[in-house]
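Everything on this sheet refers to the single structure shown next.
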Amino acid sequence: MTGQLEGRVALITGAGSGIGRAAAQRFAAEGCAVAVVDLVAAAAQDTVDKIIANGGRAIACPANVTADAEVRSAVERTVEAFGRLDVLYNNAGVNSSGSVVDATEDDWDRCMGVNVKGTFLCSRAAVSHLAASGSGAIVNQASVAALVGIPNFAAYCAAKGAVVALTRSMAVDLAPRGIRVNVICPGTVFTPLMEPLLRARGDGDLEAGLAKTTVKYPIGRLGSPEEIASAALFLASDQASFLTGSVLTADGGMTAQ
């Protein structure tokens with residue numbers, strides 16, 4: 001590793017598994033102290049244990065990103081533990097199902113709450129600390145679903161589209177405060193969150209679901225959590241110092257077709 005985040009502090013949401021866990025471990029390996037935020041306390045602690053076992057620094061901050069008080073507490077705990085906050089990675093998210101015809105109102109509200117409101121609340125709570133660091137960076141997590149229509153994902157497409165629009169607005173508003181804001185739009189990544197959807201796509205057969213999904217990607221495979229973590233590391237680091245308001249598609253060529 002090259003120490004790209006040496007001496008910095010990051011708060012990563014949804015870091016108990018999948019992309020968030022991969023990012024927490026990668027950031028820590030690059031010299032960053034990490035606050036691991038997840039709804040599931042045991043999952044957050046497991047990520048922390050893995051980081052510490054490899055010589056890194058991390059704390060677990062169980063929190064619901066849709067609850068303002070819990071978000072603010074996680075940010076304050078991070079600053080108390082490590083003295084500063086340099087990077088916020090708004091990775092926490094949920095999927096949904098259903099078209100505009102049959103999606104439930106509860107599903108719509110949950111999808112908007114975690115993906116959009118969560119990004120808003122975490123960013124609002126972190127801004128003053130990121131500005132104080134002198135080189136703050138926010139990385140938001142959207143999806144290719146923000147850029148193309150995906151059948152039976154109405155709420156998810158809408159939510160991730162909102163995250164892209166919010167990123168651009170935040171980039172303009174926060175640039176004078178020295179904070180860069182960028183967004184990643186991943187294609188399908190094989191994570192615990194995606195496995196049930198892949199099985200459903202294959203009528204209960206995971207391999208069939210993978211085959212149906214992979215055919216959409218010119219690169220011939222799905223992404224890995226570690227690959228998206230590398231994209232997040234780039235956007236969080238000084239390597240991306242002139243990037244703000246950017247939409248980085250990490251999708252194996254899916255949207256190039």
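Let's see how each residue does on (1) over 19 Å from Gly7 (Cα atoms); (2) at pLDDT 95 or above:
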| position | (1), (2) |
| --- | --- |
| Ala44 | yes, yes |
| Val65 | yes, yes |
| Ser73 | yes, yes |
| Thr78 | no, yes |
| Gly98 | yes, no |
Test Gly93 against the criterion of being buried (at least 16 other Cβ atoms within 10 Å of the Cβ), assigned to a helix (DSSP H, G or I) and not aliphatic (A, V, I, L, M), and give yes or no. no
For Ala15, state whether it is aliphatic (A, V, I, L, M), touching an Asp or Glu at 6+ places or on another chain (Cβ under 6 Å) and either outside any helix (DSSP H, G or I) or farther than 21 Å from Val181 by Cα (or both). yes
Within the stretch 189-219, which residues are free of Cβ contacts under 8 Å to residues at least 40 places away in the same chain, buried (at least 20 other Cβ atoms within 10 Å of the Cβ) and not in a helix (DSSP H, G or I)? none
If you check Gly16 against the conditions, is it closer than 22 Å to Val116 by Cβ and either at pLDDT 95 or above or surrounded by fewer than 24 Cβ atoms within 10 Å (Cβ to Cβ) (or both)? yes
Among the residues of the stretch 222-257, write down those that are part of a loop (DSSP other than H, G, I, E, B) and not polar (S, T, N, Q). Leu222, Phe242, Leu243, Gly245, Asp251, Gly252, Gly253
Residue in the stretch 143-158 that is in contact (Cβ under 8 Å) with a residue 24 or more places away in the chain, of a type in the set (Val, Ile, Thr) and over 20 Å from Tyr89 (Cα atoms) present: yes
Filter result for Val71 (in contact with a Lys or Arg (Cβ under 9 Å, 6 or more places away or on another chain), of a type outside the set (D, E, K, R), assigned to a helix (DSSP H, G or I) and free of Cβ contacts under 8 Å to residues at least 60 places away in the same chain): yes
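The values are calculated or read from the model by the stated rules, or taken from the named source; none is laboratory data. These figures come from a predicted structure and were not determined experimentally. As a convention, Cβ positions derive from the backbone with ideal geometry for all residues, glycine included, and neighbour counts pool all protein chains shown.
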